[in-house]
1. Roughly how tilted is helix B:56-68, in degrees to the nearest 10 and between 0 and 90, from the longest Cα axis of chain B?
2. Using only the alpha carbons of segment B:1-130, what is the convex hull's orientation-averaged projected area in square nanometres?
3. In degrees from 0 to 90, rounded to the nearest 10, what is the angle of the helix B:242-270 Cα long axis to the longest principal axis of chain B?
4. Where does each of B:Arg232, A:Arg58, B:Arg207, B:Arg18 land when they are ranked from fewest to most other beta-carbon atoms within 10 angstrom?
5. Could you work out, for chain A, what percent of all Cα-Cα pairs fall into each 5 Å distance bin, beginning at 0 Å and stopping at the bin that holds the largest distance?
6. Are there GluC sites (Glu not before Pro) in segment B:94-194 that DSSP puts in a loop and that have at most 15 other Cβ atoms within 10 Å, and which ones?
7. To the nearest 0.05, what FRET efficiency results for B:Leu111 and A:Tyr234 with a Förster distance of 51 Å applied to their C-beta separation?
8. Among rounded, prolate and oblate, which fits segment B:94-197 when a ≥ b ≥ c are the square roots of the eigenvalues of its C-alpha gyration tensor, a/c under 1.5 means rounded, and a/b larger than b/c means prolate?
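Values in this text are rule-based calculations from the coordinates and carry no lab data. In this text, all values refer to a predicted model and were calculated from it rather than measured experimentally. Don't worry about glycine lacking a Cβ; one is built from the backbone with ideal geometry, like all the others, and counts go over all protein chains shown.
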Amino acid sequence: MSSFLSLRDVWVEYGDKIVLERVNLEIDEGAFVSIIGPSGAGKSSLLRVVLGQDAPSRGRIELDGMPLEPQCDSNRGVVFQRYSVFPHMTVLENTLFGLECAQAPFTARLFGAARRAAVAEAKDMLHAVGLGDNGSLYPAQMSGGMQQRLALAQALVKRPRILLLDEPFGALDPGIRSDMHRLITDLWNAYSLTVIMVTHDIGEAFSLGNRVLTLDKLRHDPHAPNRYGASVVYDLPLTRKDPPRGAAELPAARSTRKGKNNSITIDKIDNT
Amino acid sequence: MQDRGRSVVRWVDRRIGRTNGLLMGAVPILLLVLLYLFFAAERHAINPADKILPLPGAMVDAMRALVLERDPLSGRYLFWADTLASLQRLGLGLAISTASALLVGLVLGLLPPVRATFGMLVTGIAVIPPIALLPILFIAFGLGETAKVALIVIGIAPFMIRDIAAHTAELPREQIVKAQTLGASTWQLMLRVVLPQAMPRLFQAVRLALGPAWVFLISAEAIAADIGLGYRIFLVRRYLAMDVILPYVAWIAILAALTDILLAWSSRRLFGWAHRSAA
């Protein structure tokens, strides 16, 4: 009965301020969920709750039927808009770090054969994001787009069950951004990722995601703006033109994932 | 008109090359030396036995005895023995302060429970004037080396700790979260993410602490010591021996400047990633 990731009646409150209220969500494995909404509508709060950085003040979050701890762990990878990579490590060291943490609890460094294996794995990952030849650079020597590629490689090398993206392309030039869109779509297909992406860019939300959530306040009290929190006001499943119309009604017609994925078009926007 | 407009470069935009920088830096120092010589010569013209502003020749004579000749009483080359004793105290004080700044500062900056428990204590200690504690140190540790090193440590460690703690606390939250999503434990986070990023700041903190460290060293030596640069200066003061005091002060300045240059250079060599954006 439970889906891959489910949020049941989740509230996020900071003191008197109610940020999110009554958020109920079921997210399927392999979905690419874009979250949009006006500033202050709790997009990032929702992401932080799923990430485990913040605990919901009420409600339950379950991953595969198991309650999620309100603490960051390697189930959930993340790429932030900035500061996602470690400035004191080279590209290769940044990518290795996750592998080293898992295998060397005390030193967090690998040696010999274990290191060679980890380096090979990290290099594969760097090739996948297009940084294959940049292993020895430091983040400060790279452009913003390359740093975000690195942040992706760093997260994906851990094979997270969910990849959370917090406006990952917000600080990039338009040209670089479309390159990154292609990259994330390819990675989503290649690694069968489940992605939740917060973005300001509505075009990006619709072109990348196969489900778009809009957060906003359902009620508003002008005398007490913090009295009511935001919740999901639109939940739009997107499908390609090809499948029959009925498929659009299903929250996520994920069987189409195996097909050609270059163009996702909005078949129908229905406010449910 | 246009020509002149182009040739006037604003001062904020002027670039100074390496050679020019050295030359320009030498000018005020040379001027000060000339100024001193002028006044010294003037005083000696009136009173050839003047001790307040000794001429270079007198300084060389006075220092020759300390640098090149054994002291008949102790059998030591006093200048070198003073230097060695002072540098030992300073080095030990700096080493202990640096180590504690790193250990305490990191933990204080990264772990909120530790900060809540000890943050106020460290701040409290940092605002006590260390010289006010000197009598306590002499009473507790006697007049030996321990009290002098302890004064240096008490004088500089608290603000170094606070500096490292503040720097650690300013690390972007995203980095800490990211490391945790990569599976890092608190220990791994400390070892691989926080510690390496605190190192350039630590070097910076040591450089800034050098000045106060010398102040506390000289103070401690002035009050109770039988050897050391500060001890010598305060000893010969009784005989108005400016011909010894001035070279000693210059020597301290050279030692401090060399340490500073060495630290800056090693920080650039060791932590290139932290200095690259400036280049």
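1. That works out to roughly 70 degrees.
2. 18.7 nm²
3. Taking the Cα atoms of chain B, the angle to B:242-270 is about 30 degrees.
4. Taking fewest neighbouring Cβ atoms as first place, the list is B:Arg18, A:Arg58, B:Arg207, B:Arg232.
5. 1, 6, 12, 16, 17, 16, 13, 9, 6, 3, 1, 0, 0
6. B:Glu170
7. Once rounded, the FRET efficiency stands at 0.75.
8. Note, shape of segment B:94-197 comes out prolate.
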